[in-house]
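One structure is given below, encoded as structure tokens.
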Amino acid sequence: MATVNLLLHPVRMRVIQTLVGAGELTTAQLRERLPDVSPATMYRHVATLTQAGILEVVHERPVRGTVERSYRVRQDEALVDEEARAGMTKDDHRQAFTVFTGVMMADLDRYLSREDADPAQEGVLYRQGAVWATPEEFSALVEEWEALVARRTGHAPGDGRVRHIVSLALVPDKAAGEGPAS
């Protein structure tokens with residue numbers, strides 16, 4: 001599993017999100033999808049993610065005296081695991097959440113900037129809800145959610161499929177003094 005600092009860098013997180021569900025892309029294709037990231041920055045972060053084993057090179061082909069590589073995400077490596085999360089401080093969590101929400105904002109802004117964006121027709125959704133659950137029920141809920149998303153990540157483009165970015169944040173809402181029964 002990757003480290004928190006490796007994955008939660010804003011540019012690296014955007015590169016990973018762009019590749020997830022997109023199959024494989026070259027650095028040039030990544031740059032087309034993330035035009036605000038300079039070429040040098042893109043190459044540096046793709047190299048960092050590749051060296052860490054989060055991205056893998058799928059194809060290489062010679063192009064005008066250089067080698068063009070196609071990359072894909074190794075989703076099993078692109079996770080901050082439970083052990084790493086347990087070692088994070090409260091400030092680490094604040095920083096990670098700030099990066100996470102910033103990337104979500106950038107995704108929404110990129111979508112809304114398109115002339116053909118139609119949020120109502122295309123199912124743009126942001127919603128909060130409350131769930132009362134024991135720790136065991138909550139663990140089961142998280143497992144169900146992850147399994148549901150995992151079942152859909154195997155679909156390929158085509159057949160009328162449109163790529164959707166699914167983000168999830170789970171935050172306890174404990175009132176002061178509230179906690180597990182003693």
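Observations
- Whichever residue in the stretch 81-99 is among the polar types (S, T, N, Q) and closer than 15 Å to Ala169 by Cα and, among such residues, is surrounded by the most Cβ atoms within 10 Å (Cβ to Cβ): Gln95
One line per residue, one yes/no per condition, for (1) under 26 Å from Leu55 (Cβ atoms); (2) modelled with pLDDT under 85; (3) basic (Lys, Arg); (4) in contact with a His (Cβ under 6 Å, 6 or more places away or on another chain):
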site: Val67; (1), (2), (3), (4): yes, no, no, no
site: Arg72; (1), (2), (3), (4): yes, no, yes, no
site: Glu82; (1), (2), (3), (4): yes, yes, no, no
site: Thr98; (1), (2), (3), (4): yes, no, no, no
site: Asp109; (1), (2), (3), (4): yes, no, no, no
site: Asp116; (1), (2), (3), (4): no, no, no, no
site: Tyr126; (1), (2), (3), (4): no, no, no, no
site: Trp132; (1), (2), (3), (4): no, no, no, no
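- Among the residues of the stretch 39-56, those that are aliphatic (A, V, I, L, M) and open to solvent by less than 60 Å² (accessible area, probe 1.4 Å) comprise Met42, Val46, Ala47, Leu49, Ala52, Ile54, Leu55.
- Matching entry among Val103, Val149 (being part of a helix (DSSP H, G or I), closer than 19 Å to Gln17 by Cα and in contact (Cβ under 8 Å) with a residue 60 or more places away in the chain): Val103
- Of all residues making up the stretch 18-38, the number that are on the phi > 0 side of the Ramachandran plot and open to solvent by 50 Å² or more (accessible area, probe 1.4 Å): 0
- Filter pass, Leu79 being in a helix (DSSP H, G or I) and within 22 Å of Arg163 (Cα to Cα): no
- Of the criteria (1) touching a helix residue (DSSP H, G or I) at 6+ places or on another chain (Cβ under 8 Å); (2) part of a loop (DSSP other than H, G, I, E, B), which one Gln128 fails: (1)
- Pick from the stretch 109-140, criterion of a type in the set (A, V, I, L, M), free of Cβ contacts under 8 Å to residues at least 12 places away in the same chain and more than 23 Å from Pro172 (Cβ to Cβ), ranking: least open to solvent (accessible area, probe 1.4 Å): Ala117
The values are calculated or read from the model by the stated rules, or taken from the named source; none is laboratory data. All values derive from a computational prediction rather than experimental measurement. Here Cβ is always computed from backbone atoms with ideal geometry, including for glycine, and neighbour counts include all displayed protein chains. All accessible areas refer to the heavy atoms of the entire protein, side chains included, with ligands and DNA or RNA removed. Shrake-Rupley method; radii C 1.70, N 1.55, O 1.52, S 1.80 Å.
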